[in-house]
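Scroll down for the structure; my scribbles are underneath it.
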Amino acid sequence: MLSLQQLPCTQLGLCTNGQFKKGVPFVVRAEQVSTAPSTTLQDKVGRRQMLATGVTIAPWLLLSHQKSTAFAAENVKGFLPVTDKTDGYSFLYPFGWQEVAVEGQDKVFKDVIEPLENVSVNVFPTNKEDIRDLGSPQEVAEALIKKVLSAPTQKTKLLTAAEHEVDGKAYYTFEFVAQAPNFTRHALSTIAIGNGKFYTLTTGANERRWGKMKDKLSMVIDSFKIFKV
């Protein structure tokens, strides 16, 4: 296993002179989207009232090992599916989120009212065949959070990290917070390797809305899977 310092950023296209690049557009940060505040009226009568999921789920770590091959293709009330047949992945995102173009991102969907509520997917070439070749869940999560998934000025903390398998493919899933001077983002990420590619999906919300959003965001994370192309 590789140590945290030996994580092969060169093979993932995320480093300069052997070091991870700061500020790589790996996820949608607050700087990249509108930060217009939501109003009380929007909260009361906005489209969120129509997003009743009708789905009850357990905490995301308890569900991660139960994902099935067909999960992402299922019609889950309150969610829409995404399937990328070129890069070989699929996932669900909350109904009402809109797709936006962000440089450096493969796919991005976000809430039009709460800009910190979004999901982003990135795909990078790698010669590794298994996510476990990069290190333990904790090692890889710490490296990505500190060097890639947050801005240099943010204080970060890894909360949980775990490994699970879907159809024989290993995934790492982790939860973390990133604190900036004017907001704290609570996020979930899942990563995997397949098809000669390194896949990451990251979703999150403002800490003040985490209690309301965590089940939806956990559904997004649990729905992500990669397939052969």
For segment 102-119, what are the residues that are part of a strand (DSSP E or B) and within 21 Å of Ala178 (Cα to Cα)?
Val108, Phe109, Lys110, Asn118, Val119
One residue from Lys157, Lys146 being within 16 Å of Ile191 (Cβ to Cβ) and charged (D, E, K, R):
Lys146
Result of the Cβ filter at 8 Å on segment 191-202, keeping first residues that are more than 10 Å from Val123 (Cα to Cα) and free of Cβ contacts under 8 Å to residues at least 24 places away in the same chain and partners that are in a strand (DSSP E or B) and among the hydrophobic types (A, V, I, L, M, F, W, C), at least 6 apart or interchain, is none
Inside segment 100-130, can you point out the residues that are under 15 Å from the mean Cα position of the chain (by Cα) and either of a type in the set (D, E, K, R) or open to solvent by 70 Å² or more (accessible area, probe 1.4 Å) (or both)?
Asp106, Lys107, Lys110, Asp111, Glu117
Of the conditions (1) surrounded by fewer than 22 Cβ atoms within 10 Å (Cβ to Cβ); (2) touching a residue at least 60 places away in the same chain (Cβ under 8 Å); (3) touching a Phe, Trp or Tyr at 6+ places or on another chain (Cβ under 7 Å), Asp133 satisfies every one except a single condition; which number is it?
(3)
Does Thr153 meet the test of being polar (S, T, N, Q) and under 16 Å from the mean Cα position of the chain (by Cα)?
no
Considering segment 180-219, residues that are in contact with a strand residue (DSSP E or B) (Cβ under 9 Å, 6 or more places away or on another chain) and more than 20 Å from Lys110 (Cα to Cα), and then whichever is surrounded by the fewest Cβ atoms within 10 Å (Cβ to Cβ), we arrive at Gly196
Test Gly104 against the criterion of being under 16 Å from Lys197 (Cβ atoms) and touching a residue at least 60 places away in the same chain (Cβ under 8 Å), and give yes or no.
yes
Between a first residue in segment 154-166 that is within 20 Å of Pro181 (Cα to Cα) and free of Cβ contacts under 8 Å to residues at least 24 places away in the same chain and a second residue that is of a type in the set (S, T, N, Q) and open to solvent by 80 Å² or more (accessible area, probe 1.4 Å), which pairs have beta carbons less than 9 Å apart while being 6 or more apart in sequence or on different chains?
Thr156/Gln179; Lys157/Gln179; Leu158/Gln138
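The values are calculated or read from the model by the stated rules, or taken from the named source; none is laboratory data. These figures come from a predicted structure and were not determined experimentally. In this analysis, Cβ positions are derived from the backbone assuming ideal geometry, glycine residues included, and neighbour counts consider all displayed protein chains. With ligands, DNA and RNA removed, areas are computed over all heavy atoms of the protein, side chains included. Shrake-Rupley method; radii C 1.70, N 1.55, O 1.52, S 1.80 Å.
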